[in-house]
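Report on the following structure.
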Amino acid sequence: MKSRAISKWIPWVGLIAVTLGSHAGAWGEEGHQIVGTIAMTRLTPQTRAAIIELLGNDDLAKAGLWADQIRGDSKYDWAKPLHYVNAPRNENIIVLDRDCAKGECVIGAITRFLAVATDSTKPIEERREALKFAIHFIGDLHQPLHAGYADDMGGNRIQVIAFGDKKTNLHALWDSVLIYHKSQGDWRGLAKALETDMPAKEVAQWEGNLDPLAWGNESRAITRVIYNDLPANAKVGEAYYESNFPTVARRLAAGGVRLAAALNKAFAAQNAVKNDARAVSPVRPSTPIQVDKPATKVTPIPTGVPVVVPVVVPAPVTVPVP
């Protein structure tokens, strides 16, 4: 990737305002690695220590790949519907009761796995997996087509020809093709560029909104634009890239910022619970506390001094004579 400031090729104009089956993995490897890399730079020391305790390191870029790597393991088939959320085509917003029944979608999964990851009463292996799921799913929800339509599997069934002759689909185009077209494999350089030039105002907005439902509705709004802007012949090239990559970049940046903020908040709450528990716990000494009784003062009697012992003489008793 050519070395140049991100501000020269991304017009940071803000995220699109939101007023309103099975998918392939969300961001490809590069996307998840970029989200994780941005997040790593924004962790509090307390959160970083908690993550290291669970994962053995603080490499969120690597941890974010795990949930896609285990897709071929039937033991985790239950997790496949948790990578996305679908809503009817004629609906502008996601409604949890309708689109995420019993929390079985990416929105519900984020909340649930963050809670498990920070629950010190849970087994360590369960917490470790929950943390890796949460890291991945926060990235997933910022890929717009993971808030898409079930009838085309989030764009997987829409065939696209990219940059001349590359056969792909709409979902993969937004997962990885547009990202790689910019990074040329240097995802670390792209992550650094994104992190360096993020406008403070937008960062504050992202950090101030940690509701996964709101993230999903942002993606939903962008998804509708993606479908409207796809050329009729489904051929995309440089013009499509120049028009749409700024949105890709903002979603990657927002995902990284919010991943860190969500982890910081969750682990701070865990620490607060621990502190409260210590504050109300009675203090029990390890050994019985001995209370010294005051000693009785005994005055020694000098030798040769007579001891006078008082004699109590009873009073005379008068007995009446009959």
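Quick notes on this structure:
- Within the stretch 32-141: Cβ-based charge dipole about Cα centre, in debye rounded to nearest 20 (Lys, Arg +1; Asp, Glu -1): 80
- Proportion of all alpha-carbon pairs of the stretch 152-234 beyond 15 Å (%): 70
- Sites residue 111 and residue 46 - FRET efficiency at Förster radius 25 Å, r taken between beta-carbons, to 0.05: 0.75
- The label-point distance for residue 97 and residue 124, in a model that sets each label 7 Å from Cα toward Cβ, rounds to 4.4 nm.
- Nearest-0.05 FRET efficiency for residue 243 and residue 204, computed from C-beta distance (R0 25 Å): 0.40
- Legend: distances between Cα atoms for 122/265; 132/166; 62/102; 132/167; pairs beyond 22 Å are 132/166; 62/102; 132/167.
- Considering only 173, 198, 185, the residue lying farthest towards the positive end of the dipole of the stretch 70-212 is 185, judged by Cα position with unit charges set on Cβ.
- When peptides 113-122, 243-252, 127-136, 225-234 are ranked by their average number of other Cβ atoms within 10 Å per residue, the highest-first order is 127-136, 243-252, 113-122, 225-234.
- Considered as an equivalent ellipsoid built on the Cα gyration tensor, the stretch 122-191 has semi-axes of 29, 19, 8 Å, the largest given first.
- Taking 0.36 nm per residue of separation and subtracting the Cα-Cα distance, full extension of the segment from residue 271 to residue 73 would add 67.9 nm.
Values quoted throughout were computed directly from the atomic coordinates according to the rules given, and no laboratory measurement underlies them. Keep in mind that this is a model prediction, so the values were computed, not measured. Every residue, glycine among them, receives a Cβ derived from its backbone with ideal geometry; neighbour counts consider all protein chains shown.
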